[in-house]
Each structure stands twice: as C-alpha cells, then as structure tokens.
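Data block below; observations after.
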Amino acid sequence: MNFDINNLVRENVKSMKPYSSARDEFEDFDTADMIFLDANENPFQNGVNRYPDPQQSNVKKVLAKQKNVKANQILLGNGSDEVLDLIFRAFCEPKVDNVITLPPTYGMYGVLANINAVENREVLLSNDFQPQVEKILDAVDKNTKILFLCSPNNPTANSFSDESVAYLLKNFKGLVVIDEAYIDFSKKQSWMNELDEYPNLIITQTLSKAYGLAGIRLGICYASAEVIAVLNKIKPPYNVNELTQLRALERLSNPEKIKSEINSIIEEREYLLKVLSKVSFVEKIYPTEANFILIKVDNANKRYDELIAKGIVIRNRTTQPLCENTLRLTIGTKEENKKLIEALQA
C-alpha cells in the first residue's frame with residue numbers, strides 16, 4: 001500500500017522540536033547507584049519523589065512481548081481519551097480538516113472533534129449496526145484525515161465485519177483508528193495482526209475493561225513506528241504516572257487471572273442473554289461481543305427509572321441514533337447479575 005504518513009501530519013507538528021525532559025536526556029535512570037541532581041526533584045525517597053519514566057519502558061516491554069509487537073509500535077496515554085486526543089492534535093488542522101465517525105458509537109470521538117475544532121462527519125451505521133462502506137467513502141474529501149471504527153462497538157456491542165473493515169483500510173486514504181476497548185470479550189481476532197499490512201492502521205486498546213484497571217487510566221495505542229514517533233513528539237513528557245505504571249506491571253504479570261475473569265464475564269453474559277429472552281418487556285436483544293448487552297424495551301425511560309428505584313444503575317441509550325428505547329447493561333458479578341434478574345422479573 002502506497003502510504004506516506006508525512007502527507008497527513010500537521011505542518012506545525014512536522015517542524016516542531018519536542019520538549020526534552022531531564023529523564024529523556026538520561027534514559028537509563030533506573031540505575032540504582034546513580035545520584036540524580038538533574039530534574040529539581042525532592043531528594044528524599046518516598047517511592048514517588050522521582051519523575052516517572054516518560055516512555056514507560058517496562059510496561060511497553062511487557063505489552064510488546066504479550067501482543068507480539070515492537071516496543072516502538074506502542075504509545076501509552078492517560079486513558080484512551082488522551083491517546084485519541086493526541087491523534088487529533090497530530091493529524092487534524094483545526095477549522096480545516098474533518099474526521100468521520102459512525103453513530104451510534106463512543107461519544108468521545110465527537111467531543112474531541114469539537115474540542116480540537118475539527119469537523120465531525122457522521123455516517124450512520126446500517127440498521128444491523130454495520131458500516132455503510134460506500135456512504136463512508138462518499139463522505140470523504142481532500143481534508144478527511146481520520147475514520148473512527150469502534151469494534152466491538154459501544155453502545156451496540158457488535159463487531160464490524162472483517163470484509164467491511166479490510167475494504168475501508170484499503171480504500172480510505174487517511175488514518176483508520178480501530179477502537180478495540182472490548183476486543184478481549186470477542187471471538188474475533190484483534191486487527192493488531194494486520195499492523196504491518198496496513199500502514200494507515202491505528203489500534204487503541206485499554207486496561208480499563210478486561211484488565212479491570214479503569215481507575216488507573218491507562219490507554220494503549222498500537223501503530224507503525226512512524227505513527228508512534230509523531231505522537232511521541234507531542235505527548236506530555238510525564239503523561240503516565242509512576243503509580244499507574246507500577247499497577248499496570250503488577251496486573252500484566254498475572255495473565256491467567258485476567259483470562260479467568262474474562263471467561264467468567266462471558267459465561268455470565270451468556271446466562272443473562274437466556275434470562276433476558278424471557279423478560280416480558282424486552283422486545284429485542286442485540287448480538288454482543290462485549291462485556292455488556294444492548295436491549296430494546298417497551299419504554300426505556302420507564303424501565304430505567306424502575307431499575308434505579310431498585311438500586312440498579314444501567315445506561316439509557318434511547319437518545320442515540322438507531323437506539324430508540326434501548327438500555328445498555330454491563331455484565332456484573334454473579335451476585336450482581338442475580339439482583340438484576342430479580343429486578344427485571346419483578
């Protein structure tokens with residue numbers, strides 16, 4: 001595929017010299033017997049008196065091994081939202097460029113487009129929540145920089161067809177960002193296996209869902225080394241704190257526990273699907289490859305209020321395109337799901 005990332009990078013980003021922190025200039029700062037008088041830190045040790053590794057080398061090393069990519073193909077951020085924001089800021093010229101999103105989808109794409117003064121061209125998914133490929137390509141012009149595909153999609157819970165995604169990767173001339181926040185709950189393979197095939201492919205993942213680390217805010221971007229180099233140029237120097245890095249390493253060191261939790265969530269999801277099919281006011285249950293289920297009910301506002309009254313908080317998605325009278329239910333623990341079922345049956 002004939003693709004030059006320099007054709008997409010903003011001119012000011014191309015010409016800028018990134019900020020070089022004290023710890024960027026001395027890369028081996030973990031060396032135990034060194035005396036650090038370079039970064040104006042408090043010298044008294046308390047575990048967090050030093051600045052964190054600006055490149056999160058240890059976390060990237062583990063992820064690179066587990067995901068079978070190179071460390072220079074990884075960027076870490078303060079949640080996926082920072083990663084997505086960096087992509088906007090590196091490649092989209094404010095008040096000039098545009099991006100394409102496919103509602104109903106993750107709302108932050110549109111929010112970040114607004115924050116960065118970038119036009120968001122919305123192309124609705126089909127009625128079965130798949131990308132309308134020709135309509136997407138018809139919406140493209142010379143200033144279209146990014147296409148956002150959330151697969152499995154939020155709030156619809158389904159994955160996009162491999163054929164549609166591959167066609168878009170081959171025919172869309174900008175960057176294709178595939179948001180795989182829920183990929184661990186899907187039978188489909190991650191598109192990470194195709195990074196070398198498609199130089200315009202960016203994949204975002206997170207430790208918030210399957211890894212159970214929403215509270216530490218760690219988002220991950222996988223792309224070509226060239227794309228990652230551009231994003232590294234503009235990222236804040238210490239964007240991932242020391243405590244987050246340590247907690248991520250601790251969690252990543254126990255893949256069997258993570259796998260066990262994922263399997264448990266999938267088992268509970270399948271059980272909940274069976275029960276929901278017998279609830280009188282549930283009119284439709286949409287296919288799911290995520291850790292949540294989207295259902296269509298008789299009256300979403302009424303049923304949402306009834307569940308709140310029983311102490312159960314779900315998400316009312318009825319205001320989203322193609323989602324009239326829908327509720328989104330996250331899969332909880334066995335005990336939590338039992339209470340949800342009792343409330344629904346009541």
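The values are calculated or read from the model by the stated rules, or taken from the named source; none is laboratory data. Computed from a predicted structure; not experimentally measured. Glycine also receives a Cβ, built like all others from the backbone with ideal geometry; neighbour counts cover every protein chain displayed. Only protein heavy atoms, including side chains, enter the accessible area calculation; ligands, DNA and RNA are left aside. Shrake-Rupley method; radii C 1.70, N 1.55, O 1.52, S 1.80 Å.
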Conditions (1) under 16 Å from residue 174 (Cα atoms); (2) assigned to a strand (DSSP E or B) -> residue 75 fails only (1)
Counting only residues in region 307-341 that are in contact (Cβ under 8 Å) with a residue 12 or more places away in the chain, charged (D, E, K, R) and assigned to a helix (DSSP H, G or I), the one surrounded by the fewest Cβ atoms within 10 Å (Cβ to Cβ) is identified as 334
* Any chance region 167-187 includes a residue that's in contact (Cβ under 8 Å) with a residue 12 or more places away in the chain, surrounded by fewer than 18 Cβ atoms within 10 Å (Cβ to Cβ) and within 20 Å of residue 293 (Cβ to Cβ)? -> yes
- Check on residue 251, farther than 19 Å from residue 211 by Cα and not small (Gly, Ala, Ser): no
The condition of being within 23 Å of residue 132 (Cβ to Cβ), within 12 Å of the chain's Cα centre (by Cα) and crowded, with 17+ Cβ neighbours inside 10 Å holds, among 220, 202, only for 202
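Just for region 282-306: of the residues that are exposed (fewer than 14 other Cβ atoms within 10 Å of the Cβ) and of a type outside the set (D, E, K, R), which one is farthest from the chain's Cα centre (by Cα)?
Among those that are exposed (fewer than 14 other Cβ atoms within 10 Å of the Cβ) and of a type outside the set (D, E, K, R), it is 299.
Yes or no, residue by residue, for (1) open to solvent by less than 90 Å² (accessible area, probe 1.4 Å); (2) under 26 Å from the mean Cα position of the chain (by Cα):
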position	(1), (2)
24	yes, no
34	yes, no
37	no, no
46	no, no
49	yes, no
54	yes, yes
Pairs returned, first residue in region 214-226 that is free of Cβ contacts under 8 Å to residues at least 12 places away in the same chain, second residue that is in a loop (DSSP other than H, G, I, E, B) and open to solvent by 10 Å² or more (accessible area, probe 1.4 Å), beta-carbon separation under 9 angstrom, 6 or more apart or interchain, are 214/208; 215/208
Per the list (1) in a loop (DSSP other than H, G, I, E, B); (2) of a type in the set (A, V, I, L, M); (3) within 23 Å of residue 95 (Cα to Cα), residue check on residue 157 breaks on (3)
Going through region 273-294 in order, the residues found to be in contact with a helix residue (DSSP H, G or I) (Cβ under 6 Å, 6 or more places away or on another chain), within 20 Å of residue 153 (Cβ to Cβ) and outside any loop (DSSP other than H, G, I, E, B) are 285
Picking from 120, 143, the residue that is in contact with a Gly (Cβ under 8 Å, 6 or more places away or on another chain), under 30 Å from residue 236 (Cβ atoms) and surrounded by fewer than 20 Cβ atoms within 10 Å (Cβ to Cβ) would be 120
Of those in region 87-111 that are of a type in the set (Val, Ile, Thr) and assigned to a loop (DSSP other than H, G, I, E, B), the residue nearest to residue 140 (Cα to Cα) is 96
message: One residue is enough: does region 112-123 have a residue meeting the conditions touching a strand residue (DSSP E or B) at 6+ places or on another chain (Cβ under 7 Å), of a type in the set (Val, Ile, Thr), part of a helix (DSSP H, G or I) and at pLDDT 95 or above?
response: no
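May I ask you to verify whether residue 128 is without any contact (Cβ under 8 Å) to a residue 60 or more places away in the chain, open to solvent by 50 Å² or more (accessible area, probe 1.4 Å) and among the charged types (D, E, K, R)?
Values: without any contact (Cβ under 8 Å) to a residue 60 or more places away in the chain: yes; open to solvent by 50 Å² or more (accessible area, probe 1.4 Å): yes; among the charged types (D, E, K, R): yes.
Criteria met by residue 128.
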